Amino acid sequence: MTLATPIAGAVRLALRHPWLVIMVTLAATLLAGTYAARNFALTTDTSALISPDVDWRRDEAAFKAAFPGLIDTLIVIVDAPTPEGAEGATARLTTALKADDTHFIRVRRPDGGTYFDRHGLLFRSPEEVEDSTAALIEAGPLLGPLAADPSLRGIADTLALAAEGAARGEGDADRLARPFARVDAALAAALAGERATFSWQALIAAEDAQPAPTRRLILVEPRLDFGALKPAAEATAAVEEAAASLDPAAGTTVRITGGLALADEEFSSLEENIGFVGLVMLAAMLATLWFAVRSVRMVAAITVMIVSGLVVTTAIGLMAVGALNLISLAFIPLFVGLGVDFGIQLSVRLNAERRDGADVKTGLTRAAGALGAQLALAGAALFLGFGAFLPTEYVGISELGIISGLGILVALGLTVTMLPALILILAPPPPKGRVGFAWAAPVDRWLERRRTAILWAFGIAMVGSIALLPFVRFDFNPLNLRDPEAPAMQALADLMQDPLRTPNTVQILAADADAAATLARRLRDLPEVVSAVSADDFVPTDQDAKLPAIEDAALILDFTLNPFDIAPPPSDAETVAALRDLAAALETLDSADAARLATTAGRLAEAEPDARSRAAAALVPPLEVTLGGARAALTAERVTRADLPPDIARDWLTADGRARVQVFPAGDGNDNATLKRFTAAVAKVAPDATGLPVSTQAAGGTIAGAFVKAGLIALALVSLLLFAALRDVREVAFTLAPVVLAGFLTLGSCVLIDQPINFANIIAFPLLFGVGVAFHIYFVMAWRGGAADLLQSSLARAVLFSALSTGSAFGALWLSTHPGTASMGKILMISLIWTLICALIFEPALLGPPKKQPVPA
């Protein structure tokens, strides 16, 4: 029995019982569709794409088990024009999020909260503590009246008292210029109908003091649904809703980023124009199919076969792997591309037979006999090629190999059963013109005459491509696959400008807190490290030098900041009276700033109540934040590691005593070269380090290694298969050499156009291998059968339009707004162009004159 026998037998069976075959395959499709619909599962958990048995994945899993709340988080960024605005908005938002246990497991503030409010001064240098407490004491006369009446009335009364004292010579009038000017600006904005901003902290602080930060962070551990395309979508919407329900100060913004937000945003980017891309793909494939077979009925038959096979393959894939992942989903373009190829091969050969006078049934029988061996060998080679991914550690591509390998069997089976039956029932008319390419005759002659030159040219191109291989860029930074204009990505890019807030940090699990502190000190000495943090860094140093200054200030300011009596909220009439008194007091001073504030206060007193409400909104909330912060800061006490609050301790210490060290890179935290040096330096000190930079680079190595390993296995398996079928080492080389050449040329092209290989576009290479092996098997087996003038043949037409169909359809991915998907479409186009060039030019030149057939005895 030859390779062609089972193919020809299947086609004859389908032609004898076409309706039965169609009904059976449609019933199988219906059953498969029902199963797929009921059992469809898609996991978007990218951490499951690589085997958990890899060393770096074990380190990652150990860290995640120790500190589960640090991995899957949303980062909420609160920015405001003033530190009080940022603190107030963050405190309110944190309270709102903590109350929502439906969407959130844990909500915490890494840079704020009660502990930092109380002990924040202790984290400054002794000199800074002295300056800060001195500034508070000096501001006591201002803060006392304000603490007793924290309202617009109290502010007006306090400024009026200060002005009257200056007028009597009891104070330095020049020192009032700055507060008068700043309050005037806020009141003027309120009069103009604007929401003004004001900072009492900036007013109290020395003019040369470092500005207080105006950004706060909230870390949110959401409840995730990995069965959804966007697992954190509901939690993100809940954060946005909570932020919108607050009444933040003017200019306050709330943004969401972090790994979860970026992943969800990536899927939104994929969805953005997927409908348009899908229509372009479908239109391109159908148009190319029509040009290939010149028959609407044949196009319809191939399309029905492809849809049926895709449904069946989906069901089989779900049975085989349980749930699809983001990589195994690529079986769809692989199946469609190779399924279309099989369909075009049979249909174009049928047209050639019908052009010679055969009817549909006879033509299909002859086509099956002529193509049976090629289709069987191509299908077997592809099955083994995709199976080569099974032993790799890249689970995503391994499962893709399983599904695609099984899909090849489905596609081949339907091509020789369902497709012939459909074509027979639809009875397409015979072609009107020649099936092959008559215009290619001169090209065939040119290839014969210039064979040596062509081979030399391709040889030089291959050597050049190999020389370029060291310059191929492997960019496995997932951030570079995302839309830089997307909100979460923009927020992250902004956050990464701060070297101490970049997410590209290394995490280390130490034996205990003492070991973590020692390790952090060693790491800080590395030039590649800007900072290393452990639990002990949340315990202030030099407390003996700082606490006396704080205690002295607390003693002096106790009654100032904590008055026995606090005035009740004023009526609007009382506020108006206070503003008029302020205007009168200011008019007694010989100062331009006082004069401007007097005019503004007088105008505000005569304005509508809404203007005074806006003024109060600008001045009073930051005053309350400042007073609360001052009270808390002056209650600081000596703290030790044991005094760390549970929220902080949980992020740095485990229940069994192990401890975490977080290491920050020096330099650009998003530069691949910087991160590579950084992780290498840290790994020398802590080999079991993990974190985003480590996993990103290790994943790149694992994935690249998986493709190299699978490629070598596939090459070996397919070579053995081809040798078993062809019994000729030279013909095996003729089949595989163009595939290898196309791969090198594709990589060389990537270097020339500066296109890095990434997580997304590397999927193009299995398709290149699959299509390339099939094409070259067709040509080699036709050549060994004595075929001449290959470019004029129906085979060349089938190969050309098969490549164009796959290339135009999946090249449409280039139109995607998602950068990763667009790069996949680009590489697919480049690889298919080179595959086609190698098939139509290099292969015929490599093969030379047709192989002489033995003369019958």
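Some observations on this one:
- Among (1) over 30 Å from Thr696 (Cβ atoms); (2) among the small types (Gly, Ala, Ser); (3) without any contact (Cβ under 8 Å) to a residue 12 or more places away in the chain, the one test that Ala427 misses: (3)
- Test: residue in region 475-482 that is in contact with a strand residue (DSSP E or B) (Cβ under 8 Å, 6 or more places away or on another chain) and either part of a helix (DSSP H, G or I) or surrounded by fewer than 19 Cβ atoms within 10 Å (Cβ to Cβ) (or both): yes
- Hits in region 695-724 - residues which are open to solvent by 30 Å² or more (accessible area, probe 1.4 Å) and within 28 Å of Ala515 (Cβ to Cβ): Gln697
- Scope region 652-661; condition more than 15 Å from Asp59 (Cβ to Cβ) and either exposed (fewer than 15 other Cβ atoms within 10 Å of the Cβ) or touching a strand residue (DSSP E or B) at 6+ places or on another chain (Cβ under 7 Å) (or both); matching residues: Trp652, Leu653, Ala655, Asp656, Gly657, Ala659
Here's the yes/no breakdown for (1) open to solvent by less than 10 Å² (accessible area, probe 1.4 Å); (2) outside any helix (DSSP H, G or I):
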| position | (1), (2) |
| --- | --- |
| Ala368 | yes, no |
| Gln374 | no, no |
| Leu377 | yes, no |
| Leu382 | yes, no |
| Phe389 | no, yes |
| Ile397 | yes, no |
| Leu400 | yes, no |
| Leu406 | no, no |
| Leu414 | no, no |
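- Filter result for Arg124 (open to solvent by 60 Å² or more (accessible area, probe 1.4 Å) and touching a residue at least 12 places away in the same chain (Cβ under 8 Å)): yes
- Total residues in region 141-166, condition open to solvent by 10 Å² or more (accessible area, probe 1.4 Å), touching a residue at least 24 places away in the same chain (Cβ under 8 Å) and either under 15 Å from Asn562 (Cα atoms) or out of contact with any helix residue (DSSP H, G or I) (no Cβ under 9 Å at 6 or more places or on another chain) (or both): 5
- Pro442, sole failed condition from (1) part of a helix (DSSP H, G or I); (2) within 23 Å of Phe342 (Cβ to Cβ): (2)
- Within region 566-595, the set of residues being open to solvent by 60 Å² or more (accessible area, probe 1.4 Å), in contact with a helix residue (DSSP H, G or I) (Cβ under 7 Å, 6 or more places away or on another chain) and more than 15 Å from Ala156 (Cβ to Cβ) comprises Ile566, Thr588.
- Meets criteria (surrounded by fewer than 21 Cβ atoms within 10 Å (Cβ to Cβ), of a type in the set (Gly, Ala, Ser) and assigned to a helix (DSSP H, G or I)) for Ala649: yes
- Within region 68-86, the presence of a residue that is modelled with pLDDT of 90 or more, surrounded by fewer than 17 Cβ atoms within 10 Å (Cβ to Cβ), part of a helix (DSSP H, G or I) and at negative phi is excluded.
- Ala510 fulfils the conditions (1) in contact with a helix residue (DSSP H, G or I) (Cβ under 7 Å, 6 or more places away or on another chain); (2) touching a residue at least 60 places away in the same chain (Cβ under 8 Å); (3) surrounded by fewer than 18 Cβ atoms within 10 Å (Cβ to Cβ); (4) small (Gly, Ala, Ser) except for a single criterion, (3).
- The listed residues are Ala493, Ala467, and the only one of them that is in contact (Cβ under 8 Å) with a residue 24 or more places away in the chain, open to solvent by 40 Å² or more (accessible area, probe 1.4 Å), assigned to a helix (DSSP H, G or I) and out of contact with any helix residue (DSSP H, G or I) (no Cβ under 7 Å at 6 or more places or on another chain) turns out to be Ala493.
- Of all residues in region 97-119, those satisfying the criterion of being without any contact (Cβ under 8 Å) to a residue 40 or more places away in the chain and not in a loop (DSSP other than H, G, I, E, B) are Lys98, Phe116.
- Selected residue [assigned to a helix (DSSP H, G or I), within 23 Å of the chain's Cα centre (by Cα) and touching a residue at least 60 places away in the same chain (Cβ under 8 Å)] from Val694, Val620, Val682, Val625: Val694
- Scanning region 601-627 for residues that are more than 20 Å from Thr252 (Cα to Cα) and open to solvent by 10 Å² or more (accessible area, probe 1.4 Å) yields Gly602, Arg603, Glu606, Ala607, Glu608, Pro609, Asp610, Arg612.
- Screening Arg255 against (1) crowded, with 22+ Cβ neighbours inside 10 Å; (2) at pLDDT 80 or above; (3) not in a helix (DSSP H, G or I) leaves a single unmet condition, (1).
- Across region 181-196, the number of residues qualifying as at pLDDT below 85 and open to solvent by 60 Å² or more (accessible area, probe 1.4 Å) comes to 2.
The values are calculated or read from the model by the stated rules, or taken from the named source; none is laboratory data. These figures come from a predicted structure and were not determined experimentally. Here Cβ is always computed from backbone atoms with ideal geometry, including for glycine, and neighbour counts include all displayed protein chains. Quick note on the areas: whole protein, heavy atoms, side chains included, nothing else; ligands and nucleic acids left out. Shrake-Rupley method; radii C 1.70, N 1.55, O 1.52, S 1.80 Å.
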